[in-house]
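Below: the structure, in structure tokens.
The values are calculated or read from the model by the stated rules, or taken from the named source; none is laboratory data. Predicted, not measured: the structure shown is a model, and the values here were computed from it. Backbone-built Cβ (ideal geometry, glycine too); neighbour counts: all protein chains shown.
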Amino acid sequence: MPACYQQQHHIAVLTLGSDVWIERCLQPFYLSQKQLEHVRDQILNNIERGLQKEPQKPSTLKMLPTYVRSTPDGSEKGDFLVLDLGGTSFRILKVKLDSSHKVEMETEVYAVPEEVMLGTGQQLFDHVAECLGRFLQQRNLKRAVLPLGFTFSFPCVQSQLDKSVLISWTKGFHCAGVEGKDVVQLLKDAIGRQGDYKVDVIAIVNDTVGTMMSCGFQDHSCEVGLIVGTGSNVCYMEEMGNIESVEGDEGKMCINVEWGSFGEDGELKPIQTEYDEQVDKTSFSPGKQSFDKMVSGMYMGEIVRIVLIQLAREGLLFDGVTTPPLLIKGCFQTKDVSAIEDDHSGADAARKILTLLGLRPSEQDCLKVQCVCSAVSARSASLCAAGLAAVASRIQHNRQDPEGRLVVGVDGSVYKMHPKFSARLHHALQDLAPSCQVKFLISEDGSGKGTAIVTAVAQRLADQRQRVNEVLAPFNLTLEKLKDVQSLMRKEMDFGLRKETQPNATVKMLPTYVRATPDGTERGDFIALDLGGTNFRVLIVHVGKREDVGVQIVSKTFSLSQEVIQGTGIQLFDHIIDCITEFQEENNLRGRRMPLGFTFSFPCRQTSLDQGILITWTKGFSASGCVGEDVVRLLREAAIRKGNSDLMIVALVNDTVGTMMSCGYDDPACEIGLIVGTGTNACYMEEMKNVEILDDSDGRMCINMEWGAFGDNDCMDDLITNFDRDVDQFSINPGKQKYEKMISGMYLGEIVRQILIILTKYRILFGGKISQRLQTRDLFPTKFLSDIESDTLGLVQVRSILTDLGLRSTCDDTVLVKEVCTTVSRRAAQMCAAGIAAVVEKIRENRELNTLKITVGVDGTLYKLHPHFAGIVQETVKILAPQCDTQTLQESSQVLRDWRSRVKVQ
């Protein structure tokens, strides 16, 4: 027997003594722990099915989206109107909120005449609108346009925060022409017919949602609303990604569970009593609202009445006497149950209530009636606890929170006025959700104050959305803007290829002396050296027939100390040769003269395939005596000094060219290379006749575009945002590499950080508090953009990422941070695509083709690891270059780049 029943069951045994028949009549109300756990699990299962668009078995819970997307954050303030319509009278309230959580309310109550309740919808809403006009007139508010929240406590289906269609009338209303209509629009139409005032109807709110929101104004972590009064219901904040009937998967939305209908498919049959069946048969809706009829105040007193009649007819109460008043449905109310169960005055209350029903109860009769009331109300509390335990379990699962902290806002006469109901519910909940820590807050006027807060939150979100849109607008590039970027890139490419304009071109269009792509016939053994950072690699690559061994690779990575990279060039290249020699010895290669290709990922001007002049060091390198020198010659001289005559250096390769050649081995149509990682660059096969700085005009040559500097001549200034300018200003090369700074992984995270600071200053993010960590440059590495935008991560994991960065975030913060990341990375992908579109269109025009089929070989962590970058690039290229069938092929292994350029030399 559950703990919550032990006390009243013990009383029953003590007081009834030999009256085992009464105890037997009440036994079905004493639900076991196992039975309650079964109810909990059934409700949880129905919650999950109710969130699905097409469940295998329909849920009896309606699980209605409310379009309430956020709970209060404490910043809500202003004047609001509330219209609360849900019975034979309705209220109009003016609610004033301030940031100190103070709430001031003015209220007027207006009757709904019976002829209006049974008339037409126009009559009803005209009556409401007329009363609203009087309310405003009395307060000199007719000229003000105040936001209004509409509490409409009838079954509805919402499709927007301010759009709700009435399913059916209840509570004695039968106004024609309303069912199936949007009640918000009907209200707006009626206000329009008044003609002398205006209001802004922002939200239509269920009373349970209002309860949650009114408590959320006190405690911002409140995400559950519970009502146990005349009716019973619960709502809670669900992850958007789980609500299949609503588009979008970011953030949360409040779900109106409408749990009163649980059990309409017979799931509650095993625990329903004969008394429940009688109540259902004589109700206005037989077979409906099964759970509500076992829980809510509308039915609790009626169940007690039917039990008392049964006991009296069996001679176990009132000496077998029943009276005409006792036989009248509804004569025994739930407020009577509350009064009778009071520990101090309950017996006197029982005698008084029973006497008013024409009975002459004995002292023993009064005690027995107390036991009946206790059994019925305790069952109600325990069933509520089972439902709440299901909701708590759902939220705990969503949050992945082992401690299960939960704040529940509660309203309703049964919960508030019954002397023992709340304690019983709390105790039962502890048994049914032992891993959850639940805090209850009593709501103050959920349908009034709560609706005002819903309206205030909606207005705050609308204002914030407008500000966010303004901040992010420069990143949202139109098709026209992207075509401009494509056209500008093409123009700069032409400048870089012409002899007279090349020296001043921002897109340098450097010849690489790579004259062809692989054709698959390449064979042999090759050594590769890949130098591009403080770690470098040496490799041996064996190339055989594809159908035989294919490509076999052995590699080793060596490190470069700060002393070496910042020392002299002789030290640097001597150390590299020592490492190559060590690798040769380990792999029994000494004495074998082998071709070596050198990937050197620093800015160089090549004058032949095996000659490249270092323009400047980057990436922290500053070895002296190298800038302005041929790096291939420096490597050869080091080999001579170290006595290594086995190396035949045949090619100096840019990493972008290596990517194209590597992918070209797998796909002969690959004639473009693209890298989007820490930096970005592209190369492609250009017609020699267009490369004016070289004398040869036959065939093709790979051109290293060095497109990162695109825009350094200010041609793209109208696309550069203030955030880009800030990032550029504090970079190591202000005014340089502008295109790269809008695209590459080195800078995207810093752009995001700058946006987050502005949104925090606007009090939209992180409670308006700019933490020390957020002010730290480069706090936000681009890797986190990829993680945050991942479709496989829920908001809980994203919040964890932000926590690791020292940023304390709410759910709303997390959603907005993800939106900022998505906006910045989408612009980067689109800008990159505009550049590629310029390249493929140039190749198509070079070859005088109507259509072109071509492949882009791609490498780089941003392109490969970001969840959406590659897809956006591909989609945008198709739009900008519709006459080109452009495919992409990702570099399968970085270590293949070098040898594929070098084998072509053979």
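Report those helices (runs of 4 or more DSSP H) wholly inside the range 719-833 carrying at least 1 residues which are of a type in the set (Phe, Trp, Tyr). Quick ask: steps written out before the conclusion?
On the way: elements: 722-729, 738-743, 745-761, 782-788, 795-804.
Answer list for the range 719-833: 722-729, 738-743, 745-761, 782-788.
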**Report entry** Given (1) buried (at least 16 other Cβ atoms within 10 Å of the Cβ); (2) within 17 Å of Glu470 (Cβ to Cβ), number of the condition Arg763 does not satisfy
**Finding:** (1)
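Are there helices (runs of 4 or more DSSP H) fully within the range 407-522 with at least 2 residues that are more than 28 Å from Ile340 (Cβ to Cβ)? List them. Working first, answer last.
Values: elements: 413-417, 421-432, 451-472, 479-497.
Qualifying helices (runs of 4 or more DSSP H): 451-472, 479-497.
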Query raised in the report: Does any residue of the range 126-140 turn out to be basic (Lys, Arg) and within 41 Å of the chain's Cα centre (by Cα)?
Result: no
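Condition check ((1) within 28 Å of Val410 (Cα to Cα); (2) in contact (Cβ under 8 Å) with a residue 24 or more places away in the chain) across all residues:
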position	(1), (2)
Phe135	no, yes
Phe152	yes, yes
Pro155	yes, yes
Ser164	yes, yes
Trp169	yes, no
Val201	yes, yes
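Quick one: which residue in Gly297, Gly251 is surrounded by 19 or more Cβ atoms within 10 Å (Cβ to Cβ), under 30 Å from Val798 (Cα atoms) and of a type outside the set (A, V, I, L, M, F, W, C)? Step through it out loud before you land on a result.
Working: Gly297 fails: under 30 Å from Val798 (Cα atoms).
None of the others qualify; the one that does is Gly251.
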Query raised in the report: Filter the range 618-637 for residues that are touching a residue at least 60 places away in the same chain (Cβ under 8 Å) and under 52 Å from the mean Cα position of the chain (by Cα); which is farthest from Gly532 (Cα to Cα)?
Result: Gly620
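Out of the range 87-103, which residues are part of a strand (DSSP E or B) and within 35 Å of the chain's Cα centre (by Cα)?
Leu93, Lys94, Val95, Lys96, Leu97, Val103
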Query raised in the report: Among Ile720, Ile615, Ile640, which is the only one that is free of Cβ contacts under 8 Å to residues at least 60 places away in the same chain, surrounded by fewer than 19 Cβ atoms within 10 Å (Cβ to Cβ) and closer than 30 Å to Gln775 by Cα?
Result: Ile720
Query raised in the report: What are the pairs, 6+ residues apart or on separate chains, where a residue within the range 672-695 that is β-branched (Val, Ile, Thr) has its Cβ under 6 Å from a residue that is in a loop (DSSP other than H, G, I, E, B)?
Result: Ile675/Gly860; Val676/Gly860; Thr680/Ser744; Ile693/Lys499
Query raised in the report: Considering Arg515, Arg498, which residue is within 17 Å of Thr607 (Cα to Cα), at pLDDT below 90, basic (Lys, Arg) and surrounded by 14 or more Cβ atoms within 10 Å (Cβ to Cβ)?
Result: Arg515
Report summary line: Filtering the range 728-760 down to residues that are without any contact (Cβ under 8 Å) to a residue 24 or more places away in the chain and surrounded by fewer than 15 Cβ atoms within 10 Å (Cβ to Cβ) yields Gln729, Ile732, Asn733, Pro734, Gly735
Query - Residue, farthest from Asp666 (Cα to Cα), within the range 840-869, restricted to residues that are modelled with pLDDT of 95 or more and assigned to a strand (DSSP E or B) - result: Leu852
Requested in this report: Determine the pairs where a residue that is touching a residue at least 24 places away in the same chain (Cβ under 8 Å) and on the phi < 0 side of the Ramachandran plot, located within the range 498-518, has a partner that is of a type in the set (S, T, N, Q) and assigned to a strand (DSSP E or B) with Cβ atoms under 8 Å apart, the partner being 6 or more residues away or on another chain.
Outcome: Lys508/Asn704; Leu510/Gln606; Leu510/Asn704; Pro511/Gln606; Pro511/Asn704; Thr512/Gln606; Thr512/Asn704
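Would you mind stating whether Gln122 is surrounded by fewer than 13 Cβ atoms within 10 Å (Cβ to Cβ) and either within 26 Å of Asp196 (Cα to Cα) or touching a Gly at 6+ places or on another chain (Cβ under 6 Å) (or both)? Give the steps one after another, and end with the answer.
Working: surrounded by fewer than 13 Cβ atoms within 10 Å (Cβ to Cβ): no; either within 26 Å of Asp196 (Cα to Cα) or touching a Gly at 6+ places or on another chain (Cβ under 6 Å) (or both): yes.
No; evaluated as a whole, the condition is false for this residue.
Quick one: in the range 793-813, which of the residues that are under 12 Å from the mean Cα position of the chain (by Cα) and without any contact (Cβ under 8 Å) to a residue 40 or more places away in the chain is nearest to Lys741 (Cα to Cα)?
Quick first cut of the range 793-813, residues under 12 Å from the mean Cα position of the chain (by Cα) only: 793-799, 810-813.
Applying the additional criterion that residues be without any contact (Cβ under 8 Å) to a residue 40 or more places away in the chain yields 793, 797-799.
Values: Leu793: 27, Gln797: 28, Val798: 25, Arg799: 27 Å.
Checking each candidate, the answer is Val798.
What about Gly591, is it among the small types (Gly, Ala, Ser) and either farther than 19 Å from Asp525 by Cα or surrounded by 15 or more Cβ atoms within 10 Å (Cβ to Cβ) (or both)? Break it down into steps so the answer makes sense when it comes.
Values: among the small types (Gly, Ala, Ser): yes; either farther than 19 Å from Asp525 by Cα or surrounded by 15 or more Cβ atoms within 10 Å (Cβ to Cβ) (or both): no.
It is false that Gly591 is among the small types (Gly, Ala, Ser) and either farther than 19 Å from Asp525 by Cα or surrounded by 15 or more Cβ atoms within 10 Å (Cβ to Cβ) (or both).
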